[in-house]
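Undergrad: The structure is given below, and queries will be raised subsequently.
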Amino acid sequence: MSVTTDEVRRIAKLARIAEPTARLEALTQELNGILDWVEQLGEVDVEGVEPMTTPVVTPLPMREDAITDGNVRDKVLKNAPNADAGFFVVPKSVE
Amino acid sequence: MSDVLSLSLAEALEGLKNKDFSARELAETHVKAAEAINPALNCFTVIDGDRAIEMASASDARIAKGEAGLLEGAPLAIKDLYAVQGVNTEACSNILKGFKPEYESTVTQKLWDQGAVFLGKTNMDEFAMGSSNETSAHGPVINPWRKTGSDENLVPGGSSGGAASALAAGVSYGSTGTDTGGSIRQPAAFTGLVGVKPTYGRCSRWGIVAFASSLDHPGPFAKTVKDSAILTQAMSGYDPKDSTSYPGEVPNWIEAVGQSVKGLRIGVPKEYSVDGMPEDIAKLWAQGVDWLKAAGCEIVDVSLPMTKYALPAYYIIAPAEASSNLARYDGMRYGVRVEGEDLADTYEKTRAAGFGAEVQRRVLMGTYVLSAGYYDAYYVRALKVRRKILEDFNNAFTQVDALLTPTTPSAAFGIGAKANASPLEMYLNDIFTVTANIAGVPAMSVPAGLDKDGLPLGLQIITKALDEATMFKVGAALEDAAGFTAKPQAWWA
């Protein structure tokens, strides 16, 4: 499989990265180079193989449902690009 | 005092205990040395002299009271990926410029709890995506090593290039790195250091900027195998804040260093003998086999037939996880924001301006393989291949106790040497290291010799999950046999 410049535009949209106009051609070529190369995974017989999501299987830990953290509003806001009166200030998103 | 810079961590800890010097003296010497090398090597993004002196003074007080921790008074350098409270933690990305966490990563907290002294943050590839430390927003790191008779600047490897470069130049007694596809072991090999990637889950990922969560392994760089065992010991342990943290006990690995390797079965996987491998590396590998044989190991030829699929599987899985992890950088709650016409436009402008070219490429690749219509063909297939690679290792470890391979397919290369190559060529640096990330098994690189140009080369030891003890044992045996004592010429002084 390979991608066209239009598809790279669409992927950039999905990834919320402004269209890389100047590098679109080069980027398409680079991605196709990588996609061509990963194509070899098609040679492997994976019939009946379970997908592996974690390398070392450990039981999912349980803990008491108790509040262990919180009351740190000012700390949470400290690195905000824009904060006011204890809130994040973000661009308007609902008309 | 500058001669203390040539000590190993174990020797420095001994000297502190014997009051040959104080922690404060060590800290002062290291801060001065860090400031002296940084203009040439660009290995530190932050040098925090005030904090180093303050922590060292507290160490001296604890030493005086007889309350010294495992690392009491030892200055360490921390990869910029680790959150250190109140200190710029930017993953060497413009999108996190100025980010000062209000919390401390679990691993660094463990180091401070054992008395280590924070020296500074080290340069790295942006979000740990790279194998040469050339994608950093702070610019490339320079390797202290040069070819004999050459003044060409070489890369230290990546992504933990600053951590490797600083330690190889004799500044700090150990540094932290993270290894997602080889980012500790490859730079360790390029700079003549020991680099350890323990079993997945041994070291908590909490408070470390995420790249690919199922592949990210924190671990140390060290001057010696013993130092690396001390550091791995201090960094490991269960952490309830990381749901993939391994809940079992941490064995005493420091004791394993120096134990006999007699009777251990060492596997030599034929698939690691690749076309175009430099003769020096093939020779060193054969030499490593001979060294272990002489130490009483039994050498066994093994086959890991899935090896060649590890890197392609990695370049689906790692970008997929990265595209998901990096979705959080949207310019709303932290990091840099570039205002746009509306919310979507702000997101897009922020991410286009904040992420460098390699990060964008991987986020796009990850987005593609996870998108509707391609998810099964790429992502799910890669996860199935991943299991086959793990089964390869499981099979091998029914026949052998450890595997011996080269760490890298080449020695350090020049800055910009691969600038015009395809991204693939850079990715191939990780061909021997990435398999252990895919399988989550412990692996380390030990400096074993110099190539014909006088550059260091490493050998890699891989053991089964949770068997770091055997890895350290074999590592120490290799170190003994190799007697690697070469140091880079201090051309930057």
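The values are calculated or read from the model by the stated rules, or taken from the named source; none is laboratory data. Being a predicted model, the structure only gives us computed values, none of them experimental. For neighbour counting, all protein chains shown are included, and Cβ atoms are generated from backbone atoms with ideal geometry for every residue, glycine included. Keep in mind that these areas ignore ligands, DNA and RNA; they rest on the heavy atoms of the full protein, side chains included. Shrake-Rupley method; radii C 1.70, N 1.55, O 1.52, S 1.80 Å.
Undergrad: Report yes if A:Val46 is outside any loop (DSSP other than H, G, I, E, B) and facing another protein chain (nearest Cβ under 9 Å), otherwise no. It would help to see each step written out before you state the result.
TA: Numbers: outside any loop (DSSP other than H, G, I, E, B): no; facing another protein chain (nearest Cβ under 9 Å): yes.
No, not satisfied.
Undergrad: Continuing with the same structure: Could you give every pair whose Cβ atoms fall below 7 Å, whose first residue belongs to segment B:436-447 and is facing another protein chain (nearest Cβ under 8 Å) and within 15 Å of B:Ala469 (Cα to Cα), and whose second residue is open to solvent by 10 Å² or more (accessible area, probe 1.4 Å) and part of a loop (DSSP other than H, G, I, E, B), counting only separations of at least 6 or pairs across chains?
TA: Taking only residues 6 or more apart or on different chains, the pairs are B:Val441/B:Lys464; B:Val441/B:Ala465.
Conditions tested, residue by residue: (1) under 23 Å from B:Lys226 (Cα atoms); (2) over 16 Å from the mean Cα position of the chain (by Cα); (3) modelled with pLDDT of 95 or more; (4) open to solvent by 10 Å² or more (accessible area, probe 1.4 Å).
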| site | (1), (2), (3), (4) |
| --- | --- |
| B:Ala116 | yes, yes, yes, no |
| B:Thr122 | yes, no, yes, no |
| B:Asp125 | no, no, yes, no |
| B:Gly149 | no, yes, yes, yes |
| B:Leu154 | no, yes, yes, no |
| B:Ser159 | no, no, yes, no |
| B:Val194 | yes, no, yes, no |
| B:Pro198 | yes, no, yes, no |
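Undergrad: Follow-up. For the structure I just gave you, tell me whether A:Gln29 is free of Cβ contacts under 8 Å to residues at least 12 places away in the same chain, more than 7 Å from chain B (Cβ to nearest Cβ), closer than 30 Å to A:Arg9 by Cβ and not charged (D, E, K, R).
TA: Numbers: free of Cβ contacts under 8 Å to residues at least 12 places away in the same chain: yes; more than 7 Å from chain B (Cβ to nearest Cβ): yes; closer than 30 Å to A:Arg9 by Cβ: yes; not charged (D, E, K, R): yes.
Judged against the criteria, A:Gln29 is a match.
Undergrad: Search segment B:329-346 for residues being more than 7 Å from chain A (Cβ to nearest Cβ) and open to solvent by 60 Å² or more (accessible area, probe 1.4 Å), and hand back the single one that is nearest to B:Phe99 (Cα to Cα).
TA: The residue in question is B:Glu339.
Undergrad: Have a look at B:Gly248, B:Gly182 and point out the one that is closer than 24 Å to A:Met52 by Cα and away from chain A (no Cβ under 12 Å).
TA: Values: B:Gly248 fails: away from chain A (no Cβ under 12 Å).
None of the others qualify; the one that does is B:Gly182.
Undergrad: Keeping to segment B:291-300, report how many residues are part of a helix (DSSP H, G or I) and open to solvent by 80 Å² or more (accessible area, probe 1.4 Å).
TA: 2
Undergrad: Let me ask something else about it. Among residues belonging to segment B:59-78 that are under 29 Å from the mean Cα position of the chain (by Cα) and open to solvent by 40 Å² or more (accessible area, probe 1.4 Å), point out the one that is farthest from B:Ile208 (Cα to Cα).
TA: Here is the first cut: in segment B:59-78, the residues under 29 Å from the mean Cα position of the chain (by Cα) are B:59, B:68-78.
From what's left, open to solvent by 40 Å² or more (accessible area, probe 1.4 Å): B:68, B:70.
Working: B:Ala68: 27, B:Leu70: 23 Å.
The selected residue is B:Ala68.
Undergrad: Taking the condition closer than 28 Å to B:Met426 by Cβ, open to solvent by 20 Å² or more (accessible area, probe 1.4 Å) and among the hydrophobic types (A, V, I, L, M, F, W, C), does B:Ala357 pass? Can you show your working first?
TA: On the way: closer than 28 Å to B:Met426 by Cβ: yes; open to solvent by 20 Å² or more (accessible area, probe 1.4 Å): yes; among the hydrophobic types (A, V, I, L, M, F, W, C): yes.
Considered against the rule, which asks whether it is closer than 28 Å to B:Met426 by Cβ, open to solvent by 20 Å² or more (accessible area, probe 1.4 Å) and among the hydrophobic types (A, V, I, L, M, F, W, C), B:Ala357 comes out as yes.
Undergrad: Regarding A:Thr53, is this residue touching a helix residue (DSSP H, G or I) at 6+ places or on another chain (Cβ under 9 Å), within 8 Å of chain B (Cβ to nearest Cβ) and either closer than 21 Å to B:Thr199 by Cβ or not in a loop (DSSP other than H, G, I, E, B) (or both)?
TA: Against the criterion (touching a helix residue (DSSP H, G or I) at 6+ places or on another chain (Cβ under 9 Å), within 8 Å of chain B (Cβ to nearest Cβ) and either closer than 21 Å to B:Thr199 by Cβ or not in a loop (DSSP other than H, G, I, E, B) (or both)), A:Thr53 qualifies.
Undergrad: Could I ask something else about it? Where residues in segment A:8-29 are in a helix (DSSP H, G or I) and open to solvent by less than 40 Å² (accessible area, probe 1.4 Å), which of them is nearest to B:Arg351 (Cα to Cα)? Outline the logic, then answer.
TA: Let us first name the residues in segment A:8-29 that are in a helix (DSSP H, G or I), namely A:8-14, A:21-29.
Checking which are open to solvent by less than 40 Å² (accessible area, probe 1.4 Å) leaves us with A:8, A:11-12, A:24, A:27-28.
Values: A:Val8: 16, A:Ile11: 14, A:Ala12: 10, A:Leu24: 16, A:Leu27: 16, A:Thr28: 19 Å.
Selected residue: A:Ala12.
Undergrad: Could you list, in sequence order, all residues of segment A:1-26 that are more than 20 Å from the chain's Cα centre (by Cα) and at the interface with chain B (Cβ under 8 Å from one of its Cβ atoms)?
TA: Result: A:Met1, A:Arg23.
Undergrad: Answer yes if at least one residue in segment A:62-70 is outside any loop (DSSP other than H, G, I, E, B) and either facing chain B (nearest Cβ under 7 Å) or among the acidic types (Asp, Glu) (or both), and no otherwise. Steps first, please.
TA: Going residue by residue through segment A:62-70, those that are outside any loop (DSSP other than H, G, I, E, B) are none.
The answer is no, given that none of the residues of segment A:62-70 is outside any loop (DSSP other than H, G, I, E, B) and either facing chain B (nearest Cβ under 7 Å) or among the acidic types (Asp, Glu) (or both).
Undergrad: Just checking, does segment B:366-383 include any residue being closer than 25 Å to B:Lys473 by Cβ and among the basic types (Lys, Arg)?
TA: First, pick out the residues of segment B:366-383 that are closer than 25 Å to B:Lys473 by Cβ: none.
Scanning segment B:366-383, I find no residue that is closer than 25 Å to B:Lys473 by Cβ and among the basic types (Lys, Arg), so the answer is no.
Undergrad: Out of the residues in segment B:215-235 that are open to solvent by less than 10 Å² (accessible area, probe 1.4 Å) and within 14 Å of chain A (Cβ to nearest Cβ), which is nearest to B:Pro75 (Cα to Cα)?
TA: Only one residue tops the list, namely B:His217.
Undergrad: Go over the candidates B:Phe484, B:Phe472 one by one and state the one that is among the aromatic types (Phe, Trp, Tyr), touching a residue at least 60 places away in the same chain (Cβ under 8 Å) and either within 14 Å of chain A (Cβ to nearest Cβ) or crowded, with 23+ Cβ neighbours inside 10 Å (or both). Show your work before the answer.
TA: On the way: B:Phe484 fails: either within 14 Å of chain A (Cβ to nearest Cβ) or crowded, with 23+ Cβ neighbours inside 10 Å (or both).
Matching residue, one of B:Phe484, B:Phe472: B:Phe472.
Undergrad: Need pairs with beta-carbon distance below 7 Å; first residue in contact (Cβ under 8 Å) with a residue 60 or more places away in the chain and within segment B:408-431, second assigned to a loop (DSSP other than H, G, I, E, B) and among the basic types (Lys, Arg); sequence gap 6+ or separate chains.
TA: Once the first residue is in contact (Cβ under 8 Å) with a residue 60 or more places away in the chain and sits in segment B:408-431, its partners that are assigned to a loop (DSSP other than H, G, I, E, B) and among the basic types (Lys, Arg) give B:Met426/B:Lys418.
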